[in-house]
Amino acid sequence: MSEMSPANIREPLTPEDLNWWYSDQPRQRNTMAMLMLLDRPPDPERLRGNAWRAVESVPRLGQRVVDAPFDLALPRWEVDPTFDLDFHLRRYSLHAGVTPETELAELFRSVGPIYERPFDRARPLWELIEFDRPDGRSALFCRLHHSIADGVGANAVLGALTDAERDAEPGPPPRGHQPGAWPQPSFAGQVAQAIRDRASDDLARAFSLGRAAQDLVRHPTRMLDFARGGGELSATFVNTSRAHLEQYGRTRRLGGLAIPFGPLRDARKRFGGRTVELLLTGVAGAMGEWHRSVGRGEAETVLTTVPINLRARADQGLDAEVGNRLTAHILHLPIAERDPRKRLELIHRLLEEREDDPALDVFPLFSHMLALLPRRIHRAAVLASGSSMDLIVTNIPGVPVTRYVAGAEITAAYPIAPTVPHCPVSVALYGYRDQLFIGLDADGTAMPELDGFCGMLERSFEELVEIA
């Protein structure tokens, strides 16, 4: 395993990563994914080489999470000595009779159960699955646990897996790597290591708290901001909006659509404002139509999480680092307003009011505070906060240029982000080349007819473009 990464690397999960690790459970699988359509099948050996290159470039892909006995210390990322690349690579075929008109829907139906299933927690938390498509084309479905990366961090995996040219030099072969034996240290040794880790964790926390205290002394007004932001954040945990859904299962329905970027850019220029305002306006229009169609037309707003990446803009592309570096806007997104122009104005004012929202600073602090708590309390708090949400909309910085994987051109890239209990759907948006790809992760109980919602999204964005 030495050719992949040093065997002695042991890193504690960050507080942000812990949120995703602890809250993962049967009703909430914290999985990120992307469905990529390819113009041809990737070369098998080159694909394997590219996958190995990704493992070497992104060490998290070769590491597993190891819990300490009795939760004496934080879970650690550790190199998996039993790592087997072939375990993470799969290949399937769509059934005979699939036509070009039905293959995208069939692909989403095929990857839904794969997306839903839990990861083997004794192994690295990712999979890369190839699907044979009609007419000699192919698709790749890449999924990874959210504790590895957020949407921007996942760009690092995409960058390591893909190339800028079709005929790029192939990735290095795995050099005959063979999975190693499963080491089993003594229980006494595990406890002793956990105690040493706990001392290291507590020291790091003390330094972190000390820096935070110094910052508050130097900037006393931040104390008031944190208190106000904490109050606003706490209020979201007891959300009882009329849009809140009690019916929620565990089956996932995946879907997606693509919208040309050109008309959206033109509409944004004519309307003014920012792209995210236009995107939220389109989603709000579709959510309003969906609520009315299922007899919940009395809902005027939906409590919506809009993740915000904390990386610098220059660090959000294919060279981004893995991990989770997020805060979020919590918005009462207006869905009752049917006039797109008025809805856009409402959302513009809403985001303007949130520009200096102290809750943005409280989110990271909240994660650090949760990391001090026992696992069960930590997990309960994260689940309680997520269960108050009505909608998730995440806009992931994408890639404006063509990428290739093992000689195949990526023609489409649909992102998938996890949903939370009582939230019917999460909407992920990703710009690739000249199109906006929208990926949907819906609960099969709350939103069984996902195709209908896809149509509502498409109409909502078309309406915005028309009135612009």
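Since every read-out is calculated from the coordinates, none of them should be taken as a lab result. Predicted model only: the values in this text are computed from it and were never measured. Note that each Cβ is placed from the backbone with ideal geometry, even for glycine, and that neighbours are counted across all protein chains shown.
So here's what we get for this one:
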{"quantity": "Net lengthening on full extension, ARG376/ARG91 (0.36 nm per residue, minus Cα-Cα)", "calculated": "98.8 nm"}
{"quantity": "Kyte-Doolittle mean at least -1.0, axial Cα span of 27 Å or more - DSSP H helices of the chain", "calculated": "187-218, 275-293"}
{"quantity": "Contact order normalised by residue count of the chain, Cα under 8 Å, 6+ apart, percent", "calculated": "25 percent"}
{"quantity": "Ranked list, fewest to most other Cβ atoms within 10 Å of each Cβ, for VAL217, VAL399", "calculated": "VAL217, VAL399"}
{"quantity": "Sequence-distant residues sharing a close amide H with ARG91 (under 5 Å, placed H)", "calculated": "GLU130"}
{"quantity": "Antiparallel bridge percentage (DSSP; both residues within the range 45-175; nearest 5)", "calculated": "70 percent"}
{"quantity": "3J(HN,Hα) from dihedral phi, the range 429-439, Karplus parametrisation 6.51/-1.76/1.60, rounded to Hz, x for glycine, proline", "calculated": "10, 9, x, 9, 6, 10, 9, 9, 9, 10, x"}
{"quantity": "Ascending count of other beta-carbon atoms within 10 Å, so fewest first, for THR14, THR82, THR304", "calculated": "THR82, THR14, THR304"}
{"quantity": "Potential extension, LEU310-ARG218 segment - 0.36 nm per residue separation minus Cα distance", "calculated": "30.8 nm"}
{"quantity": "Top positive-direction residue, dipole computed over the chain with Cβ charges, set LEU140, PRO170, ALA299", "calculated": "ALA299"}
{"quantity": "Neighbour-count ranking [beta-carbon atoms within 10 angstrom, fewest first] of SER110, SER387", "calculated": "SER387, SER110"}
{"quantity": "Fully extended contour minus Cα-Cα distance, from VAL66 to ALA168, at 0.36 nm per residue", "calculated": "33.0 nm"}
{"quantity": "Local electrostatic count, ARG46, Cβ distance below 13 Å [Lys/Arg +1, Asp/Glu -1]", "calculated": "-3"}
{"quantity": "Label-to-label distance, nm, for residues given as THR82 and GLU352 (7 Å Cα→Cβ offset)", "calculated": "5.9 nm"}
{"quantity": "Model label zone, ARG250; criterion: amide N under 20 Å from point 7 Å along Cα-to-beta-carbon; scope the range 126-167", "calculated": "126, 144-147"}
{"quantity": "For the chain, calculated [θ]222 nm from helices alone, where every DSSP H run of n ≥ 4 adds -39500 (n - 2.57)", "calculated": "-13000 deg cm²/dmol"}
{"quantity": "Protection proxy ranking of 278-286, 182-190, 327-335 - average other beta-carbon atoms within 10 Å, highest first", "calculated": "278-286, 327-335, 182-190"}
{"quantity": "Given charges at beta-carbon only (K, R positive; D, E negative), |dipole| of the chain in Debye", "calculated": "740 debye"}
